[in-house]
Amino acid sequence: MTTTQAPSPLLESIGLPRFDAIRPEHVEPAVRSLLEALGATVARLQDDPAAPTWDNFVQPIEDDGERLGRAWGVAAHMHSVMDTPEWREAYNAMLPEVTRFYAELGQNLKLFEKYKSIRNSAAFAGLSPARQRIIENELRGFRLSGAELPDDQKPRFQAIQEEMAGLGAKFSENILDATNAYAHIVSVESELAGLPADVITAAREAAEKAGVEGWKFGLKMPSYLPVLQYADSRALRETLYRAYATRAAEVDNGYSKPEWDNGPLIKQILALRAEEARMLGYRHFADVSLVPKMADTPEQVLGFLRELAAKAKPFAERDLAELQAFAKDELGLAPLEPWDVAYVSEKLRIARYAFSEQEVKEYFPEPKVLDGLFKVVERLYQVRIQADSGPVWHPDVRFFRIERDGELIGQFYLDLYARDTKKGGAWMDSAITRRRIPGGIETPVAYLVCNFPGPVGGKPATFSHDDVITLFHEAGHGLHHLLTRVDDLAVSGIHGVEWDAVELPSQFMENFCWEWDVVRDMTAHMDTGAPLPRELFDKMLAAKNFQSGMQTVRQLEFSLFDLLLHMDFDPAHQHVMDLLAEVRREVAVLTPPEWHRFPNSFSHIFAGGYAAGYYSYKWAEVLSADAFAAFEESGRPKGSVLDAETGERFWNEILAVGGSRPALESFKAFRGREPQVDALLRHSGMVAAS
């Protein structure tokens, strides 16, 4: 008697991923078979004597590519949110093969010639603008993938791509391992003075789970940040600050392992990127990075960042002087140490604006926050968001659907809480992208992932206002992906959008967290159920730009460091910490200790897609602030910025078009003009009083 083995759930290309059935052992056979299928399709089409067209050439490659992308996307997602040893091994086992395959695909001259043939054919003019843009993007991609390199150089170029992918994954894993390895046990209750009750409860529960007496603190944000912000014990703050600042570094901090040191990886990654740029004929990697972006040259970006720094630094210096004076005069803390900054800032905020972040947090229970977010989306875009059912990877994950006039538009997963197997930070990623298939339109699905504190003591989770802003930010990315009306995969949703414009919809959404009619409807005190008092909101609003100068120059510090690192920096003869010190002398007002190893956990640029592109946050902030100003202009006379008419235009001109046209064209179609920096400076409170 023979038994037939059930097909791998990773091979299913229709419907939601079956997270209830997908296992690490499914990754290798599924991904390998899909690599072979796409490889066979490419081999057949590259030698087909027929003239290439969209239907006989581009579409078959896109279809097989989507199947591979979907399966590998699930594996990558699980590596990020359920990083168990089994998932890590499964992902890393196939990462070199997947990277090598795409590197070879990008260098395939026969394919390159076929795309060029379509571009140069009379039929090209008859393609839709979206498909024309896809062809142009493909040609650019081939050039950046080394398709035009001499044959004897292509193996080295492929090896670089493979090595960089492995180094990026290892960089991220080192941070996670170092973060999880650290634990500080407080055994004396008096050391907890100043900490909020829910943080103390969570620390007690963590200690009980670990089988130790006392209170356990770690380096995950829900544990680490409250200590820095609220703990009266300066020693406790310093202990956790030192541990956090030296994660994944060579510094002897008592818990790290040499194999977690990201320092050597940084050198290798930078050297490989520089080599890649030289092989492609560019001056440096920053030139390569900017080819598909809105900004024209690294020099233009440097000018943008330095102009913004010149405007922000006087405000930052004023912020720091006020902080130092308050620390010395009111708290007896002189000199102001780095582990004092968040603590003193919170005390100064309370003294100046008569409220604390902890007081505000009690008004933002998770159910009310989600309801408020959904109402904003529903009012702006005349849609409906409802709870939905689908397989999930963890019991805490929830699933929702978006409909308009009863028609399904998209669905999304919400994974809000921090856990040991989840990498830090917050992000949106695509599970399924909208596209036209033989049966009609396949609707998009997104992952929204955060690292917020979960429920403690049997009560719902409560979020800080900063957490709420983060949630709105990721929801903005999600809407960009979910509300697309483009039917061609490669420019649908967030695909094909210039990297320095991709933050526009996310940062745009943050602005609603400062509108009374929005905030009022998403608050209910965790004990009394009372909404946030208007008086407290007015204090929050007054404090909105508290230390905005310091926050701005900090972002500019990261952006300049990233860009200069990928320009004329030589990792073989220069040290990244020396460059960072140089940047800080130019723009920063606060300088961390010499032993601080910020670059070792700068995963945005070493394990993410932001290399020579971190400036995108500030670049897109100009666009998002200016876009939101349109809602202010149209909404104020009506009494609310939740203006459906303007929302419809924003949907039509920004969200719906995805990457099907240049982002600047989309912005101008919505705003009627070029972007202006005025709104950003106004929103940030960095406009000099007249």
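In table form, for the structure just shown:
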{"quantity": "Region 286-318, residues that are hydroxyl-bearing (S, T, Y) and either free of Cβ contacts under 8 Å to residues at least 40 places away in the same chain or open to solvent by 20 Å² or more (accessible area, probe 1.4 Å) (or both)", "calculated": "T297"}
{"quantity": "Selection status of A231, under 23 Å from E359 (Cα atoms) and free of Cβ contacts under 8 Å to residues at least 24 places away in the same chain", "calculated": "no"}
{"quantity": "Failed item, numbered, when V486 is tested on (1) open to solvent by 10 Å² or more (accessible area, probe 1.4 Å); (2) in contact with a Gly (Cβ under 7 Å, 6 or more places away or on another chain); (3) not in a loop (DSSP other than H, G, I, E, B)", "calculated": "(3)"}
{"quantity": "Residue in region 565-572 that is closer than 17 Å to I266 by Cβ, out of contact with any His (no Cβ under 9 Å at 6 or more places or on another chain) and buried (at least 18 other Cβ atoms within 10 Å of the Cβ) present", "calculated": "yes"}
{"quantity": "Residue count for region 537-551, restricted to those that are over 13 Å from E357 (Cα atoms) and outside any helix (DSSP H, G or I)", "calculated": "2"}
{"quantity": "Enumeration of residues in region 184-194 that are within 32 Å of the chain's Cα centre (by Cα) and under 17 Å from A243 (Cβ atoms)", "calculated": "H184, I185"}
{"quantity": "Residues (in a loop (DSSP other than H, G, I, E, B), at pLDDT 95 or above and touching a helix residue (DSSP H, G or I) at 6+ places or on another chain (Cβ under 7 Å)) located in region 650-690", "calculated": "V657, G658, G659, S660, R661"}
{"quantity": "Matching entry among G635, G647, G639 (being more than 15 Å from L680 (Cβ to Cβ) and at pLDDT 90 or above)", "calculated": "G647"}
{"quantity": "Where a residue in region 273-285 is touching a residue at least 40 places away in the same chain (Cβ under 8 Å) and its partner, wherever it lies, is hydroxyl-bearing (S, T, Y) and open to solvent by less than 30 Å² (accessible area, probe 1.4 Å), with Cβ under 9 Å and at least six apart", "calculated": "R273/S289"}
{"quantity": "The lone exception for A231 - which of (1) open to solvent by 40 Å² or more (accessible area, probe 1.4 Å); (2) within 30 Å of the chain's Cα centre (by Cα) it fails", "calculated": "(1)"}
{"quantity": "Count of residues meeting criterion [within 36 Å of the chain's Cα centre (by Cα), part of a helix (DSSP H, G or I) and surrounded by fewer than 18 Cβ atoms within 10 Å (Cβ to Cβ)] in region 323-335", "calculated": "2"}
{"quantity": "Output for region 407-417, where each listed residue is more than 17 Å from L655 (Cβ to Cβ) and either modelled with pLDDT under 95 or open to solvent by less than 10 Å² (accessible area, probe 1.4 Å) (or both)", "calculated": "Y413, L414, D415, L416"}
{"quantity": "Region 20-47, residues that are crowded, with 20+ Cβ neighbours inside 10 Å and not in a helix (DSSP H, G or I)", "calculated": "I22"}
{"quantity": "When residues of region 198-219 are limited to those that are of a type in the set (A, V, I, L, M, F, W, C) and within 30 Å of the chain's Cα centre (by Cα), the one surrounded by the most Cβ atoms within 10 Å (Cβ to Cβ)", "calculated": "F217"}
{"quantity": "Of all residues making up region 48-72, the number that are open to solvent by 30 Å² or more (accessible area, probe 1.4 Å) and within 24 Å of L414 (Cα to Cα)", "calculated": "3"}
{"quantity": "Hits in region 502-514 - residues which are modelled with pLDDT of 95 or more and of a type in the set (D, E, K, R)", "calculated": "E510"}
{"quantity": "Given (1) at pLDDT 95 or above; (2) open to solvent by less than 30 Å² (accessible area, probe 1.4 Å); (3) more than 18 Å from F546 (Cβ to Cβ), number of the condition P338 does not satisfy", "calculated": "(2)"}
{"quantity": "Residue in region 69-77 that is in contact with a helix residue (DSSP H, G or I) (Cβ under 9 Å, 6 or more places away or on another chain) and outside any helix (DSSP H, G or I) present", "calculated": "no"}
{"quantity": "Qualifying position, being open to solvent by 60 Å² or more (accessible area, probe 1.4 Å), under 23 Å from the mean Cα position of the chain (by Cα) and not hydroxyl-bearing (S, T, Y), among R398, R384, R379", "calculated": "R398"}
{"quantity": "Matching option when the condition is surrounded by 18 or more Cβ atoms within 10 Å (Cβ to Cβ) and either at pLDDT 95 or above or not in a helix (DSSP H, G or I) (or both), among R349, R278, R283, R273", "calculated": "R273"}
{"quantity": "Conditions (1) open to solvent by 10 Å² or more (accessible area, probe 1.4 Å); (2) under 19 Å from S684 (Cα atoms); number of the one not met by E594", "calculated": "(2)"}
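The values are calculated or read from the model by the stated rules, or taken from the named source; none is laboratory data. Just so it is clear, the model here is predicted, and its values are computed rather than measured. With ideal geometry, Cβ positions are generated from the backbone for all residues, glycine too; neighbour counts draw on all protein chains shown. Quick note on the areas: whole protein, heavy atoms, side chains included, nothing else; ligands and nucleic acids left out. Shrake-Rupley method; radii C 1.70, N 1.55, O 1.52, S 1.80 Å.
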